[in-house]
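A.B. asks: Below is a structure I'd like to ask you about.
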């Protein structure tokens, strides 16, 4: 097998799935027919579907055209909010970058397509994208992730009604990882896939499975039967112009014959090279030339080795020229794809703004006309207009005050969302590390989910608040304080680690507080983040809870900068001017302590602090006894 296993997987997955039982030679004609039909299509969804189909049909002919039509389909689908067309176009972009060997971008678009298909409930295409992702991971050498995606694809494929995609998964899995299955299990899977192919009269898949059967025969010691079946399969694939599959079989035959019948092996290699040069398959051509060069160089046939070394050199030079003068920069397309989405959103916003401006202008003109007519009809209207003018002034003042409140609300939203979003950002960075285990990844994803849920709750609360938190607005429930504080500390441990700081949690392990957990989490986040912000690198920050007869006290103690005496009187004011940058230049907004004090007092508690400039600060949150219960140790 060659390094082009991923390319072969795409061929089987996409072309067979979409073009069952049709000769590949008819593809060009079908492309032209579909292109001609575009002008007569009036429904935008149908138009996108046809463009996506043209994109896939071009994949074996010209990857640049596949890219062009995929981007065109994606743009139209996005503009018309057509989710299925957008998912198909995104998947096609993954195919383009997979063919080009850019596995990072291929994975990005395949994963985007997977998420879109999951949202749509399109199970068949979910299976397909899982299989494509597995093939890309295989090509990059990350076999654990590849097999995990194939296992998921097979498990889901077994549950869907249309099982043709399951046959494709089986074929690719057995092709890429034959060692994963026992001989009996492998033969059972191959027979199952072949039965599905026969049911749907899928000639291409039948031939591909014949290739697997031939390989199994050769590996089981039935070399002659296997080679005979493989050559018979080759004749069929060549007749149907299944070029990619034919190339792989030709290379397999060359590899199998090389140890015992070198002349016949060279015949297959040369035939593969002729096909690669005819179809301009540069990757295949380089692979074949390398095999022939190594063969002749090993036999010291320098003249023949020189011929293929020249061919290799020419192929590399041609590829360099193509890369240098090509009008298509695939990486740039990926970047511009995001820019395009941003521009489309901006354009939509501007269009809405323009429509609103026009509507305002029209309403203004109508108002002027009505006022002018009323003025001519009666002088009495003047007094009405005067009254309306005064009302308008009052409304303008109210609007101005409302705008000021909205500006304050935006600042509060921005301030309170920094902490959970910062935690999410840090967790995402950890997820991207290659040595992350599945259990660690699950824990990080759970933390990301909880943080994002907290963000959503926070936004809902802030949109409804009037800057004064009232007890009636709280959604209290029993909160186990040690678990709650441990969760808050875990989310902010990553932020503290950026300054080599440690967060230490102390106190009883069983204590329940009757409180609104989302709002209380905001208080703790604000206090701990302030301690991180105003403490030097390597410092230790203690979070402690203590129970007394009157209630429970939570304290956050640091050994940082302390609070200047001049700043203390205005420290809890909203948008206070008593703010300064942190030890690493972090920005301060002057909102956190004001919001925290509002929340604590809404719980019937008290927020205060003790500080010494240059030696550190301790903030205390006291919740009264009616909010606290002690759990008996289990």
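A.B. asks: So how far apart, in nm, are the two label points at residue 348 and residue 483 if each is 7 Å from Cα heading toward Cβ?
C.D. replies: 4.0 nm
A.B. asks: In which sequence would 498, 539 go, from the one with the fewest C-beta neighbours within 10 Å to the one with the most?
C.D. replies: Least to most surrounded, the residues fall as 498, 539.
A.B. asks: How would you order 165-176, 431-442, 562-573 from highest to lowest mean count of nearby Cβ atoms within 10 Å?
C.D. replies: 165-176, 562-573, 431-442
A.B. asks: Okay, moving on. Suppose each label sits 7 Å from its Cα in the direction of the beta carbon; what would the residue 155-residue 471 distance come out to in nanometres?
C.D. replies: Those two pseudo-labels are separated by 4.9 nm.
A.B. asks: I've got another one for you. Between residue 429 and residue 546, what length comes free when the chain is fully extended (0.36 nm per residue of separation minus the Cα-Cα distance, one decimal in nm)?
C.D. replies: 38.6 nm
A.B. asks: Same structure again: At 0.36 nm per residue, minus the direct Cα-Cα distance, what do residue 537 and residue 232 gain on full extension? Give it in nm, one decimal, please.
C.D. replies: So the extension gain works out to 102.7 nm.
A.B. asks: For a Förster distance of 35 Å, can you work out the FRET efficiency between the beta-carbons of residue 282 and residue 201, rounded to the nearest 0.05?
C.D. replies: E(calc), rounded to 0.05, equals 0.55.
A.B. asks: Based on the Cβ-Cβ distance from residue 297 to residue 182, what FRET efficiency comes out when R0 is 22 Å, to the nearest 0.05?
C.D. replies: Here the calculated transfer efficiency is 0.05.
A.B. asks: In µm²/s, what is D for segment 468-629 at 25 °C and 0.890 mPa s, where D = kT/(6 pi eta Rh) by Stokes-Einstein and Rh is the Kirkwood radius from Cα pairs?
C.D. replies: It diffuses with D of about 154 µm²/s by this estimate.
A.B. asks: Next up: If each residue's Cβ is checked for other Cβ atoms within 10 Å, how do 160, 532 rank with the fewest at the top?
C.D. replies: Fewest-to-most ranking of 160, 532: 160, 532.
A.B. asks: Please arrange 558, 49, 64 by how many other C-beta atoms lie within 10 Å of their C-beta, fewest to most.
C.D. replies: So the ranking, lowest neighbour count to highest, is 64, 49, 558.
A.B. asks: What FRET efficiency comes out for the pair residue 261/residue 436, r = Cβ-Cβ distance, R0 = 56 Å, nearest 0.05?
C.D. replies: 0.70
A.B. asks: Spin-label point model (7 Å from Cα, Cβ direction): what's the residue 443 to residue 372 distance in nm?
C.D. replies: 7.4 nm
Bear in mind these aren't lab numbers, they're just calculated from the coordinates by the rules spelled out. If you're wondering where the values come from, they're calculated on a predicted model, not measured in any experiment. Neighbour counts are summed over all protein chains in view; Cβ atoms, including those assigned to glycine, are modelled from backbone coordinates with ideal geometry.
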